[in-house]
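Here is the structure we will look at.
The values are calculated or read from the model by the stated rules, or taken from the named source; none is laboratory data. If you're wondering where the values come from, they're calculated on a predicted model, not measured in any experiment. Here Cβ is always computed from backbone atoms with ideal geometry, including for glycine, and neighbour counts include all displayed protein chains.
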Amino acid sequence: MTVAVMTRPLGRQASLPRLLAGPPGHRTLGLLEHEQTHGPLPLPGLRGRAQRDSAGRLMDVIERSGLTGRGGAGFPTGRKLRSVAAQRGLPVVVANGSDGEPASAKDRLLLTRSPHLVFDGISLAAYAIGADRAFLAVHEHESRLVSGLEAAAAARAAAGLDLVPIEIVGIPGRYVSSEQSAIVQYLNGGPALPTFAPPPTHERGFDGRPTLVNNAETLAHLALIARHGDQWFRSAGVPGAAGTMLVTVDGAVARPGVYEIEMGTPIGAVLMTAGGLTERPQAVLTGGYFGTWLPIDIAWHLPLTHRDVKAAGGALGAGIIVALPDTSCGLAETARVVRYLAGETAGQCGPCVFGLPTLADAVADLAYQGDLRAARHIERLTGLVAGRGACKHPDGVTQLVLSALMAFATDVGWHQERGPCYGVRRPPMLPVPGDMADW
Amino acid sequence: MLRRPPPADAARARRYGGLVSEILRVNPIACTGHGVCAELLPELIELDPWGYPIVPRAPLADDMLPLARRAVASCPVLALSVQKGPR
């Protein structure tokens, strides 16, 4: 299957990669190489009123750039900076570098490849909002990443680069622990679990202080915008969705991995970037395990922007694209993921603790047994679980399940009437921690 | 029969900050599924198959407020509350 997709008119091609720029290969850019690639950290180091003025200008540039959060929600970064800066009290910056999504690898790759770009972003964000402290949260079990980051932080401290100390924090590597309220509760000495109706983090987060929580990739973009300006940032992407983004591509592609693409690139073009298709696809999982299945005819030409993907009934999330081949069974894949996610409940809320395993059983019944009323039963269960947890964990699971019922509607009919299809015997496509030795 | 405020009332209440915009909320972390609320307030609260309460998302009608407050006061783990406005 060859489909030519023009991602943008010729002639105004922005030069990529941006975040992943530097010498070829995936090795880490040291401080010197980082400065040769991106230029020095544009931190004026002013005090008093001059500091406030230049910090205000920095926030203006970020706001004009149109940068939005790359952790999943897509909130305008400039507006977030302003709302934290406007609070009473000394603010804190928290960079979230923990890919909560098992299918996502982008934060880990960025922090391995270009740690100093993320540190630059943290420093600049702290400067912009007047913070005196900053944290970089990564999964504690990724010990090589943690030690690499500690070395990078030491090199920066020796060079006297950052105006505020940046602490590297290892958080327990669970799905729900990467949630914003979970990280803040953990930094405050509590368990790394989501909280119910916490005061908004931007008002009272770490130590009761206004806290800016941003994804690591968002801060890396911020570091580049501070260097090159808002116009440069918008020269990539499409109107309403500026700049580039990191996507994790997996499934039926020749070269699965993390790619930097322009916002608004159609999903089909992203799959071609990742080496092209190895098999005929039937559907695409967008946004990861909290995301949605989209049939391939809808997905192929769909531009990767929050608005377009949402309009198609999907979610862009943290930029995960998995192409599911025709010979796989989407219901069996979903059943495995739901089973895994059910086990990843924080164990705090009844409807999640009891509802998700029941839902996982029901989806497995549909995939492997094929009861005539399976789909109806699943729909009823999703109604009982959605919106009834302290965090969005159960909502994400129900969204995934409902999208599977729609995207694989034909398969649902087949499974209900004739039992499991041949696809259930295929080795699974979606990575689930636990069945990989190196996880 | 459950009496819901007609839409006009709800709009007026929102404009004047009236009583109708009060809603029941469960703190799902605190709730352990005693089920006292569903016993006291079967008109509004039903239990899911696992014994946890499902509360209506719609604002409480005026005549339900005293009953709702009684249920709130009776919750053994203080997980139920009446809150103003939608979240």
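Values as computed for the structure displayed
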| quantity | calculated |
| --- | --- |
| Test: residue in the range A:418-432 that is farther than 21 Å from A:I321 by Cα, out of contact with any Lys or Arg (no Cβ under 9 Å at 6 or more places or on another chain), within 14 Å of chain B (Cβ to nearest Cβ) and surrounded by fewer than 22 Cβ atoms within 10 Å (Cβ to Cβ) | no |
| Helices (runs of 4 or more DSSP H) lying entirely in the range A:140-230 (those with 2 or more residues that are over 22 Å from the mean Cα position of the chain (by Cα)) | A:143-159, A:216-228 |
| Complete set of residues in the range A:299-320 that are among the β-branched types (V, I, T) and at pLDDT 95 or above | none |
| Of all residues in the range B:34-46 being within 13 Å of B:S74 (Cα to Cα) and assigned to a loop (DSSP other than H, G, I, E, B), the one that is farthest from the other protein chains (Cβ to nearest Cβ) | B:L41 |
| Residues of the range B:21-33 classified as within 14 Å of chain A (Cβ to nearest Cβ) and either part of a loop (DSSP other than H, G, I, E, B) or farther than 24 Å from A:G347 by Cβ (or both), total | 9 |
| Search result, residues across the range A:232-260 that are free of Cβ contacts under 8 Å to residues at least 60 places away in the same chain and more than 16 Å from A:P76 (Cα to Cα) | A:W232, A:A254, A:R255, A:P256, A:Y259 |
| Every pair of residues 6+ apart whose Cβ atoms lie under 7 Å, when the first sits in the range A:118-140 and is assigned by TED's automatic domain parsing to the domain that holds A:L224 while the second is among the polar types (S, T, N, Q) | A:A125/A:N214; A:A137/A:N96; A:A137/A:S98; A:V138/A:S98; A:H139/A:S98 |
| Number of the condition not met by B:A73 [criteria: (1) outside any strand (DSSP E or B); (2) exposed (fewer than 15 other Cβ atoms within 10 Å of the Cβ); (3) under 9 Å from the mean Cα position of the chain (by Cα)] | (3) |
| Evaluation of A:L271 against (1) surrounded by 22 or more Cβ atoms within 10 Å (Cβ to Cβ); (2) modelled with pLDDT under 95; (3) part of a helix (DSSP H, G or I) (one fails), failing number | (2) |
| Pairs with Cβ under 7 Å, 6+ apart, first in the range A:332-356 and away from chain B (no Cβ under 14 Å) and at negative phi, second of a type in the set (V, I, T) and surrounded by fewer than 20 Cβ atoms within 10 Å (Cβ to Cβ) | A:A332/A:V424; A:R336/A:V432; A:V337/A:V432; A:Y340/A:V432 |
